[in-house]
Structures are given as C-alpha cells and as structure tokens.
C-alpha cells in the first residue's frame, strides 16, 4: 500500500460535475492498493498519514502533523499509483490489487482514518472518473509506503 501525499491549502474531487469530497488546509492522499494489503498496511499507512510531520511550526520547520494541526484529509483511490513502470513505454497494472480487493481495502483505510482523526476525512468515489483539483502548498509532496 502506498500513498502520494500533497500538503494543500485546498483540494476537491469532482465526479460528473458534482463535488463529492473537498477539504481546506490539510493533505490530499492518492492511495494505491497492492495485492496482499490488509489490516497491518492500513494501520501503518493510516498512522503515517495522520502523524507525518509536513506542516510548519512557529519557526517554519516541518514539525507538525495532520493530527497536530487538525487539517482535513482527502483520500482518493489511485490504482495507477501501484503500476509497474520499471521498463517499457506502457505501465503494467499487474502490481495493483484487483478492483474488488482494492475497493474493500480502500474503504477500510477510510474507516480507519475517520476513527483516528478528529477533523474532516473526505474521499473521492472509488472506480469513478474523477477530476482532482488542488492547490499544493509549498509545493510539498511525499511518497509513503506501508
């Protein structure tokens, strides 16, 4: 399981012209589910999303986490993130979990984060053609693996 996280001043997901998830300051996390991911990976990545220190403290240093700031978290399922791009000119998706498995694991990740985070946890719509809009703050972007 992996997540590409971006510190944002705002982010939203639109499906068929309708905003289905939106946050103000916080993190946008594009989440890729790989075969075999389960409760251990959900807990590890969920905790890292909430406690990874990417927000500035009073001295301007990245010492604060989402849990510290109370910012929003926008989780977006992103199967292409789990693609194998090591060779060739076309990605292979054999390293991404099958859709039924991925949807279940992603839903558990959303539930985990909602149970642990005192602020807003929003999502896109699994399997939909989503338009993701964001203002990356910094820019600050990291790839996390569970």
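With N denoting the number of residues in the range 1-64, provide Rg(C-alpha) divided by 2.2 N^0.38 Å, to two decimal places.
1.33
Where does the range 91-146 land on Rg(C-alpha)/(2.2 N^0.38 Å)?
1.37
Need one number: the % of Cα-Cα pairs in the range 2-138 sitting beyond the 22 Å mark.
38
The numbers here are math on the coordinates, done by the rules we state, and not lab data. What you are looking at is a predicted structure, and each value in this text was computed from that prediction instead of being measured.
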